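First the structure, in the form of structure tokens, and then the observations on it.
The values are calculated or read from the model by the stated rules, or taken from the named source; none is laboratory data. Because the structure is a prediction, the values reported are computed rather than measured. No Cβ is skipped: glycine too gets one built from the backbone with ideal geometry, and neighbour counts run over all protein chains shown. The area values use the complete protein model at the heavy-atom level, side chains included, leaving out ligands, DNA and RNA. Shrake-Rupley method; radii C 1.70, N 1.55, O 1.52, S 1.80 Å.
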Amino acid sequence: MPPPTHTTTASAPGKLILFGEHAVVHGQPALAVPLSAVRVTVRAEPMPPGTGTLIHTPDLERSIRVSVEPDPIPDRLHTALAYPIQVARRALNVPLPDMMLIVNSTIPIASGLGSGAALAAALIRAFTDALDRPLSNDALNPLVYEVEKQHHGTPSGIDNTVIVYEKPVYFVRGQPPEPFTIARPFTLLVADTGNPSPTHIAVGDVRALYEAEPDRTGAIFREIGQIVEQARQIIESGAAESGTTGSSTIESPGPLIGSLMDANHALLRDLTVSSPALNALCAAARNAGAWGAKLSGGGRGGNLIALVPPDRAEHISRALRTAGAVGVIETTVT
Ligand code: MEV
């Protein structure tokens, strides 16, 4: 195989789970959208013969050399960087090329925004593009899923799917993802507690809870699944219909979607994956005029999302910062 001769750049977005995290691991549906405001970008550059494959992360001041097989070292960052390339190399059935992959990311790590899947997607895209073996999204998605399994054992597959296709998705584990349409754009605030929390621990704890109390926990999963179905219907139709004396008027669906977010958050709290900081920020958002708020992703820390009337976004954002959010991103979901 000729060595790579040109520089290529690839990227992948973050993601937001709108509804259904955790229950989706146990067979319920979930809704997720890409979050393009934060991204991982990887530049692949050819290197002199004999260099091998190197990965450099300027932000984290870390450089690693990729070996052909996964290294048996207990270093999560090393594995997060090297494993996507090991998986891609095996899939293409090529030797490791002389190449430097330079990673830049604006997605906070372990914060519910899909940093692991986005890192894997951008690394594999840059690597395969540089070798002139670009992958379709359909071919990339299972490779990123394999990396996700390495990270946290029993991922549902929603993170890799929404990040690779970069489209809103209605997702049920083991089924082909269904695109879903957003009839009316809506505004979300994404507020960071500043407390990183690895997804695999929360997912493992929910599994343990399910094993200890299958009836109660299974009922919570099913309730979350019903919320997801209702939310999908409202988001896809873009309307909250209210009947008045025989005729019906079309109202903003914001309050209805917001109340579903509140209900989903309460159920996630019952699953033990919220935290005092997340609960406090959700309350602050609602008190400042948000239609609803919930944690997003693995929970225990990381980020929450608040659905807000666009003209109140700035005010609610300030309230979230005052209540302790270390960062707030405003995004329009379209
Ligand atoms: C993590 O972004 C979402 C979880 O539901 C885990 C998963 O679906 O694999 C918590």
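Details
- Among the candidates 278, 295, the residue that is of a type outside the set (Gly, Ala, Ser), within 18 Å of residue 17 (Cβ to Cβ) and part of a strand (DSSP E or B) is uniquely 295.
- All positions within segment 300-313 that are touching a residue at least 12 places away in the same chain (Cβ under 8 Å) and over 15 Å from residue 194 (Cα atoms): 306, 307, 308, 309, 310, 312, 313
- Near pairs, Cβ below 7 angstrom, 6+ apart or cross-chain, from segment 157-174 (within 12 Å of the ligand (Cβ to nearest atom)) to any residue that is basic (Lys, Arg): 157/173; 159/15; 162/15; 163/15
- Condition met for residue 184 (over 13 Å from the mean Cα position of the chain (by Cα) and near the ligand (Cβ under 10 Å from one of its atoms)): no
- Residue among 142, 134 that alone is of a type outside the set (S, T, N, Q) and more than 16 Å from the ligand (Cβ to nearest atom): 134
- Within segment 3-44, considering residues that are of a type outside the set (Val, Ile, Thr) and farther than 23 Å from residue 160 by Cα, the one nearest to the ligand (Cβ to nearest atom): 4
- Those residues of segment 80-115 which are more than 30 Å from residue 304 (Cα to Cα) and not hydrophobic (A, V, I, L, M, F, W, C), in sequence order: 86, 89, 90, 93, 95, 97, 98
- Among residues that are within 18 Å of the chain's Cα centre (by Cα) and either away from the ligand (no atom under 16 Å from the Cβ) or of a type outside the set (Val, Ile, Thr) (or both), residue 279 is not included.
- For segment 196-224, a residue qualifies if it is open to solvent by 70 Å² or more (accessible area, probe 1.4 Å) and within 16 Å of the ligand (Cβ to nearest atom), and the qualifying residues are 196, 201, 207, 210, 222, 223.
- Across segment 293-314, the qualifying residues are those that are over 16 Å from residue 228 (Cα atoms) and within 16 Å of the ligand (Cβ to nearest atom), and the one among them that is most open to solvent (accessible area, probe 1.4 Å) is 300.
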